[in-house]
Amino acid sequence: MISDTKSQLRGRPDDPGRSGAVAVACLRRSGPALVLASSLALAGEAAATPARFHFNIPAKARSEALIDLGVQARVTLGGASSCPGRSQTVVGVLTLRQALQAVTAGACRFEVLDNATVSIRPARATRAWAAVERSPAAAPPPVLAAPAIDSVIVTATKRPTRLGAAAGGLSVIGAARLRDAGAIDTTSISQQTAGFITTNLGAARNKIMLRGLSDGTFTGRTQQTVGTYLDNIPLTYNAPDPDLRLIDVDRVEILRGPQGALYGGGSLSGVYRIVSAKPVLDERSGSVLAGAAVTESGSPSSRLEGVVNLPVVAGRAALRLAAYSDVDGGYVDDVNLRLSNVDRTTRTGGRAALAVALDPEWSIQLSGVRQDLHATDSQYTTPSLGGQRRANQVRETHDNVLEQGAVTVTGAGGWGRFVSSTGYVRHRFASRFDATAALNGAGGDAVDVGLFDEASKVRLLVEDAVLSSPDTDRFRWLFGLYGLASLEDSDGELRARTFFEPSRLIYLEARRDRRRELALYGETAYDLGGGWTASLGGRAFSSEVHTTSSVEAPAPGQSRALDRKARFTGVSPKFSLQRTWSGGLVYLLTSEGYRSGGFNSGGLIAPSTLRGSFKPDHLRNYEIGASLRPGHGRMILRTALFHDVWTDIQTDQYLSSGLSYTANVGDGRNTGLEVEATVLAAPGLILDANALFNRPRLSKVNPNFASAAQSELPGVPDVSAGLMARYERTLAQARRLVLTSELDYVGRSRLTFDRRLSPSMGGYVTGRLSAELVGRDWSWTLAVTNPANASSDTFAYGNPFSFGQVRQVTPLRPRTWSLVVFRMF
């Protein structure tokens, strides 16, 4: 018997040149699966034999056995919950395909997409239907529980790892749960996991904050504290979250805390990673979805999407395409413009991926993404006007276009694993604001209309190459090389209109930021014995920024030019100690994060010496955590107690003119407890709960921000929590009924660091109810969001040019009913 638990979870590749004979040992009992494993091994090919692995998978539910298989073979495996029933013991030296055949035993299908990815699919619907027809008197099958939260393999740690087997705050939301929750964008993700908070300025205009670590609620020149990734490529640097549509997604992974040892981009407080579904070789399949929704006192909404998977070369290449078109109807009325439901948002886009298996060890994937988002107006209101109303002089439009192309080369074998990801991102976004209030409050001549238009065009070229050792050794390592070259062109123009002067220039800036970043990162781990593992890693980096700016500001403003450069270097270490046993793990972890500094150029007059630049900031994270499976596997619990020390916090703020700048507000501290749990409460009933309790505060204030003394960090509440219940029942004729209810609480927080003048927001409860009828290859879903029709303030901001003069409130979207029809083929 193998006594070390971690050894049971790691496959040992055998010599590819040895014969197909299998040594079978440590067997508790014989059975069909074991016989199948032995016979398959004896029939192994004599030439060009694929890599073989030593498998030790005890008898258990097939979904859990498949997860063990994926970890032991070091492959990413998706859809394990699609395989019902219980597998028998499988032990021996097998190829990946042989082990999959032994575990699945015909209960489900599998497809080896490439040397590092496996997709598990339900058995053919026609076969399942025929079985039901042949046995009409048979008892209905038992209700199957939804997959547990950690019944997945994650790759956010840069190694295929079972969730709950690695130190750190890691959460995964699988495709099934995304579907149950109706989650299609970043905002809906925030309700599914602990401490994931977003602002609510509007689609593709928001910031993500994790673990209460907020550098402010506004977006500007600072690098985002949370890195947003599509597979292995970052989508942004300092731009707002692009709100990429979650279509044909395998899962979403959230890592908390500084991630420099695993991600060369050096995300300060965490990573939000979207993992797309991969092309499936030798399968022709697809799906379509159509939906419609009605919002009380608002315009109707619609949703249309399609996915298709096509084989290109038998056994070698496949193409996967996804496309969508969404319309979110508006619900805000503008009384000045005499328009109703002004805040309509349309989002169209698609993704294409071509996967090619070069040989048993190497594969390549080419992918491309484009999303176009247009908002006809902003979504904040003015409470004094009553209801969902405000009074502007112009419509505040927003456009956001994201394009990304990527090439990923993957190799895996007995020598280890290599992944090279090269990506190019082009991100264009533009907004218009009503600046009338700011110009009329500046003391000059009165204006009829003030307009501020800003536009940015960002280009990112990214390379991330990772080489990792086999998981068989007591000492394991992972090293990565990361490079980024970015070019951002941003323009801002402020104009005034009067009856006598249709267009008068107040301010015009053209700015360009060039950034070059190179980082070497990695992590090593050593098994100490007795289930203990020590890990040491870090990130060494060099970053260069070159900023040029040209400002035209007629008197009393100051026209000027700027040309400045800076270089930043450093090392961010990481250390962890964990103990793993059959019931879970506990760990200690410390890590550090870092953001480079930069320059300010905006404003009607030149920035002062104090405001001409901003310094780097630095975060130190300490945490103790555990991932446990009490109650004989009926409950999965993840919890972490953390303490963060943040020095020289960078923050984006606004001048009285409404123009933005960046500064270091001071030092901060946050101590908190996060909890996530999944409970099988009854047959067919799964409860998912999450909560964050923390105290994010400023501990030392920059004298230039004296008003921020004793302030909490803005935009993040002390308490947030969520609860989701899912009940599934099998009906006649192979149909299922799935009922889902969701309840979410967001505590109170303040908008800015100035606690004397900052408005309060949050302190509300919202939710969602849904009923889904599922057939062989179709489903109908009826849902209602915000069923209580609450109008609580989710974000006390919408326009920097009237902020402070007029109270701004962003209410919850009114009660919305939706119907979605889904069909597979």
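The values are calculated or read from the model by the stated rules, or taken from the named source; none is laboratory data. Since this is a predicted model, take the numbers as computed values, not measurements. FYI the Cβ positions are ideal-geometry reconstructions off the backbone, even for glycines, and counts take in every protein chain you see. Accessible surface is based on the protein model in full, side chains and every heavy atom, while ligands, DNA and RNA are left aside. Shrake-Rupley method; radii C 1.70, N 1.55, O 1.52, S 1.80 Å.
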Problem set entry | Percent RCO, i.e. relative contact order, over the stretch 616-774, from Cα pairs under 8 Å lying at least 6 residues apart | 15
Problem set entry | Cβ crowding within 10 Å averaged over residues, with 494-506, 319-331 ranked highest first | 319-331, 494-506
For this session: At 1.4 Å probe size, with no ligands or nucleic acids counted, give the accessible surface of residue 643 in Å², nearest ten.
Result: 70
Exercise. Beyond 11 Å, what percent of the Cα pairs of the stretch 548-591 remain?
Worked result: 78
Exercise. Using θ = phi - 60° and the Karplus form 6.51 cos²θ - 1.76 cosθ + 1.60, what ³J(HN,Hα) does each residue of the stretch 415-429 get, whole Hz, x for Gly and Pro?
Worked result: 7, x, 9, 10, 9, 10, 10, 10, x, 10, 10, 10, 10, 10, 8
Exercise. Probe 1.4 Å, all protein chains in place: accessible area of residue 380 in Å², nearest 10?
Worked result: 10
For this session: Find, to one decimal place in angstroms, the Kirkwood hydrodynamic radius of the chain, where the mean of 1/r is taken over every pair of different Cα atoms and then inverted.
Result: 28.0
For this session: Calculate the length of the line joining the C-alpha centroid of the stretch 76-99 to that of the stretch 347-388, in whole Å.
Result: 34
For this session: Any chance you could check the Cα centroid distance between the stretch 471-512 and the stretch 606-660 for me, in angstrom?
Result: 21
For this session: Could you grab the relative contact order for the stretch 511-578? Cα pairs under 8 Å, six or more apart, rounded to a whole percent.
Result: 35
Seminar exercise, completed: Taking Lys and Arg as +1 and Asp and Glu as -1, residues besides residue 766 with C-beta under 11 Å from its C-beta add up to +1
Exercise. Taking K and R as +1 and D and E as -1, what net charge do the other residues with C-beta under 12 Å from the C-beta of residue 232 add up to?
Worked result: -2
Seminar exercise, completed: Expressed as a whole-number percentage, the relative contact order of the chain with C-alpha contacts under 8 angstrom and at least six residues apart is 11
For this session: Give the ranking of 362, 780, 646 by solvent-accessible surface, highest area first, calculated with a 1.4 Å probe.
Result: 780, 362, 646
Seminar exercise, completed: Mean accessible area per residue over the stretch 590-721 (1.4 angstrom probe, all protein chains present, square angstrom) is 39
Problem set entry | Paired Rg and Dmax values of the stretch 448-601, which use every Cα atom, in angstrom | 24.8, 83
Problem set entry | Quarter of Cα convex hull surface for the stretch 221-299, i.e. mean projection, nm² | 8.5
Seminar exercise, completed: Too long for a 21 Å Cα-Cα cut-off, among 574/615; 158/574; 158/207; 207/574; 207/565, are 574/615; 158/207; 207/574; 207/565
For this session: Can you work out the accessible area per residue across the stretch 325-386, with the rest of the protein chains kept in place, probe 1.4 Å, in square angstrom?
Result: 40
Problem set entry | Loop-exposed GluC sites (Glu not before Pro) per DSSP, neighbour cap 14 Cβ within 10 angstrom, longest uninterrupted part of the chain | 297-825
Exercise. Assuming R0 = 25 Å, what is the FRET efficiency of residue 769 and residue 290, from their Cβ-Cβ distance, to the nearest 0.05?
Worked result: 0.75
Seminar exercise, completed: Scaled by the rule-of-thumb 2.2 N^0.38 Å, the alpha carbon Rg for the stretch 525-608 gives a ratio of 2.01
Seminar exercise, completed: Total charge of the residues flanking residue 510 in space, meaning their Cβ is under 10 Å from its Cβ, with Lys and Arg +1 and Asp and Glu -1, is -3
For this session: Kindly report, to the nearest 10 Å², the accessible surface of residue 825 as traced by a 1.4 Å probe over protein heavy atoms only.
Result: 130
Problem set entry | Once the Cα gyration tensor of the stretch 244-364 is diagonalised, semi-axes √(5λ) in Å | 37, 24, 10
Exercise. When N counts the residues of the stretch 622-736, how does its alpha-carbon radius of gyration compare numerically with 2.2 N^0.38 Å, as a ratio?
Worked result: 1.62
Problem set entry | Of all accessible heavy-atom area on the chain, the percent that carbon and sulfur account for (1.4 Å) | 58
Seminar exercise, completed: Per-residue accessible area, 1.4 Å probe, largest first, puts 624, 274 in the order 624, 274
Exercise. Using the Karplus equation 6.51 cos²θ - 1.76 cosθ + 1.60 (θ = phi - 60°), what ³J(HN,Hα) coupling, rounded to whole Hz, does each residue of the stretch 203-215 give in order, writing x for Gly and Pro?
Worked result: 4, 6, 10, 9, 10, 9, 10, 10, 6, x, 8, 10, 9
Seminar exercise, completed: Percent antiparallel among DSSP beta bridges confined to the chain, nearest 5, equals 95
Exercise. Which whole-Hz couplings ³J(HN,Hα) result when phi for each residue of the stretch 177-188 is put into the Karplus expression 6.51 cos²θ - 1.76 cosθ + 1.60, θ = phi - 60°, listed in order with x for Gly and Pro?
Worked result: 6, 4, 5, 4, 8, x, 7, 10, 8, 5, 4, 6
